[in-house]
Amino acid sequence: MTLSLYDLLVAPFEGFAFMRVALAACLALALSSAPLGVLLLLRRMALDGNVLSFAVMPGAALGFVYAGHSLAAMSIGGFASGAGVATLTGMARRGRQDAGLVVFYLVALALGVTLVAYFGSNSDVLRVLFGTVLAIDATALLQIATVSSITLLAIAVFYRAMMVEAFDPVFLRLSGGHGWRVLFMLLLLLNLTVSFQAFGTLLAIGPVLLPAAIARCWTNRPGPMMALAVLTGLVASYAGLLLSYHRNLPSGPAIVMVAGLLYGASLLLTAGLAALKPTRRRGEET
Amino acid sequence: MRGWINNIAGRPQSAAAPSGIDVQGIRVRLGGRLVLDDITGRFESGSLTAIVGPNGAGKSTLLNVLAGLLRPSGGRVACPARATHRLAYLQQQTEFDRDFPMTVGELAALGLWRTIGTYRSLPRAEADRVAAAVEAVGLQDAMRRRIGDLSVGQMRRAFFARLLLQDAAVMLLDEPFAAVDARTVETLLGLIAGWHQQGHTVIAVVHDLAQVRAHFPEALLLARRPIAWGAAEAVLTGANLAQAAATA
């Protein structure tokens, strides 16, 4: 049996409402998460981002314990515990202690899994770990769209301050700029909280980090980097959903795997191109 | 060189504003270790001071305290320039990500942050000032180069272009000459002399004592506490230096 291009690329979304909702949710998430991921990489905070994504877990689990599969309860809980961990670890200020952070995320993960397993079922555990892209309903979609819009607006308006803060926070602070780091952490946490719905704890950072990492392979200019990250995020979401539909794979992991493949291909291709064309590097003066 | 600086700064009244720094009994404890102890004195408005001392003497820590980034465990700092955001601080270069996507021109233009702010774009007249500042540090051919492609010395020049445009009343420089070629050191010293002439207060951590003797009127010899503070030639005596080495 051969599939027509239409069957392959369009029909799944035409035939099933849950596929359409999932696609809309993933695209909205990619739109805001990818540029945020670029900022995260430029700040060299990939690890902090990862830890923060795990920090959402215990609060979301408490929300689950309290109200079952309630979007509001899990989101509020997740956001609260993420904010708590960010404050406790001093992430929202400056200090970084890698070991301390890793301890935090291990404990957060263990605590969350324990809570959900104790009060729920195995399938609930799988759900909070890997998410349920295909079970996103209209309310969840609305939440994702809201967070995505707020994030995009904030990045557009505060772009310059956020870039400068990523490069030289001391300069910005002495020039009278305060609170930019907190704003960034807040946006990141919002995105991770809604990403948690779709991708689960373990993969929530995926749509933030992977497109940005891919874009960074190809360009060193921040504007194009953000645009390319958004584009790859959109492509990975679309292709991942199709892959999960046609091959009956879990959708969140499928999307992350497609992005992972794109990243691998980007690494190989850019390394190959760099080898072909020797470029000038720093340090010809001294 | 002087002419350039006057053109770029364009706001010579900065010198007139009082920009001294008073420190009273500063004490800093980091991780249970006493890093700074009983620092009392005054950086006069318009003074040019070199902070010297052995490794671990607390030189960078003192700059952090003066800049208000680090709250001392005891004592007081009175630095009026800080409240008006007229204090510039060039940290050690290890603090910066060389791979950050930014050009020399963009880095220099940051110096105008206080006048342009977060939201406005760079007016044309200001773009000319940026170009002038970049030329003053000798990087006019590298305006559009990524900072990642610069040598250490060129990078330092770019940061000095930003300082030129910042036109701060107080400038704190942490090891501005470290790992930099001789010609760049000469350029940077010229810029610092220009700032001093205009009445800016400049405080720099310097390792080369010959440079201090030749170019810095004042010196603070630090070894956790001040060993000597005052006119450079009176501070940098053999006895004082030996005492500093023994203390640290």
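Since every read-out is calculated from the coordinates, none of them should be taken as a lab result. All figures in this text were calculated on a predicted structure; none of them were measured in a lab. Backbone-built Cβ (ideal geometry, glycine too); neighbour counts: all protein chains shown.
A few points about this structure:
- Between residue B:181 and residue B:99, the C-beta separation translates, for a Förster distance of 25 Å, into a calculated FRET efficiency of about 0.70.
- The GNM of chain B, with springs linking C-alpha atoms under 10 angstrom apart, assigns the highest mean-square fluctuation among B:52, B:202, B:180 to B:180.
- Residue-averaged beta-carbon neighbours from other chains (10 angstrom radius) around A:172-183: 4
- Axis of helix B:124-136 versus longest Cα principal axis of chain B: the two differ by about 50°, to the nearest ten degrees.
- Remark: spin-label model distance residue A:121-residue B:120 equals 6.3 nm, labels positioned 7 Å along the Cα→Cβ axis.
- Per-residue shielding of B:180-193, expressed as the average number of other chain Cβ atoms within 10 Å of the residue Cβ, stands at 1.
- Angle in degrees between helix B:182-198 and the longest Cα principal axis of chain B, rounded to the nearest 10: 80 degrees
- Peptide A:159-170 shows a mean partner chain C-beta count of 5 within 10 Å per residue C-beta.
- By definition, a body whose alpha carbon gyration tensor gives a ≥ b ≥ c is oblate when a/c is 1.5 or more and a/b is not larger than b/c, and region B:60-118 fits this oblate description.
- The shape of region A:5-276 comes out oblate: with a ≥ b ≥ c from the C-alpha gyration tensor, a/c is at least 1.5 while a/b does not beat b/c.
- Taking every DSSP bridge with both residues inside the protein assembly as shown, close to 50 percent are antiparallel.
- Helix-derived mean residue ellipticity, 222 nm - over the protein assembly as shown, DSSP H n ≥ 4, -39500 (n - 2.57), to 500: -20000 deg cm²/dmol
- To the nearest ten degrees, helix B:152-166 and the longest principal axis of the Cα atoms of chain B are 80 degrees apart.
- Taking label points 7 Å from Cα along the Cα-to-Cβ direction, residue A:178 and residue B:42 give a separation of 2.9 nm.
- Segment residue A:88-residue A:219, extension gain: residue separation times 0.36 nm, minus the distance between their alpha carbons: 43.6 nm
- With eigenvalues of the C-alpha gyration tensor scaled by 5 and rooted, the protein assembly as shown, Å: 51, 27, 19
- If you take the Cα centroid of region A:159-202 and the Cα centroid of region A:18-97, the two points sit 12 Å apart.
- Distance from region A:234-276 to region B:161-213 (C-alpha centre basis), Å: 50 Å
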